[in-house]
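So the structure is just underneath, and the comments pick up after that.
Where a number appears in this text, it was derived from the coordinates with a stated rule and is not lab data. Please read all numbers here as calculations on a predicted model, not as lab measurements. No Cβ is skipped: glycine too gets one built from the backbone with ideal geometry, and neighbour counts run over all protein chains shown.
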Amino acid sequence: MHNQGFLDLVNDAKSRIEQVDIGGYKQMSGESHVLIDVREESEWAAGHAKGAIHLGKGIIERDIEKTVPDHASVLVLYCGGGFRSAIAADNLRKMGYQRVISLDGGWRAWNEAGLPVER
């Protein structure tokens with residue numbers, strides 16, 4: 001259960017960003033994009049989406065331009081359920097990235113869909 005202040009922050013971010021559910025993400029399979037896991041290091045180490053890179057929410061704004069310098073790149077961010085990724089996506093949008101998408105349902109939806117993981 002998340003506190004109301006956090007939910008208000010997430011909902012504000014979601015009002016400005018693009019989101020995709022797991023079905024929509026599967027349809028993007030032919031589209032070039034960078035899949036970014038914004039969860040904590042311990043979450044990443046326990047398992048992550050195959051092909052994803054890790055830029056935790058605490059450092060993504062600092063390191064994104066070194067990792068993905070092209071602001072026209074399509075970025076798909078995920079976290080545990082789609083809350084932290086929404087906030088991070090909003091920040092990257094403010095930094096000039098043109099197409100940043102938050103995966104609604106995040107890691108939970110990824111696993112429920114049986115998509116490939118790495119450990």
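Please go through segment 43-65 and pick out each residue that is crowded, with 16+ Cβ neighbours inside 10 Å and under 18 Å from Tyr97 (Cβ atoms). Hits for segment 43-65 are Ala52, His54, Leu55, Gly56, Lys57, Ile60, Ile64. Under the condition of being hydroxyl-bearing (Ser, Thr, Tyr) and surrounded by fewer than 17 Cβ atoms within 10 Å (Cβ to Cβ), the residues counted in segment 23-38 number 2.
On the stretch given as segment 92-106, residues that are of a type in the set (A, V, I, L, M, F, W, C), in contact with a Leu (Cβ under 8 Å, 6 or more places away or on another chain) and over 10 Å from Gln19 (Cα atoms) total 1. Between Val20, Val10, Val68, the distinction of being among the β-branched types (Val, Ile, Thr), under 25 Å from Gly114 (Cβ atoms) and surrounded by 15 or more Cβ atoms within 10 Å (Cβ to Cβ) belongs to Val20 only. When Lys14, Lys66, Lys50 are checked against the criterion of being among the charged types (D, E, K, R) and under 16 Å from Asp104 (Cα atoms), a single residue qualifies: Lys14.
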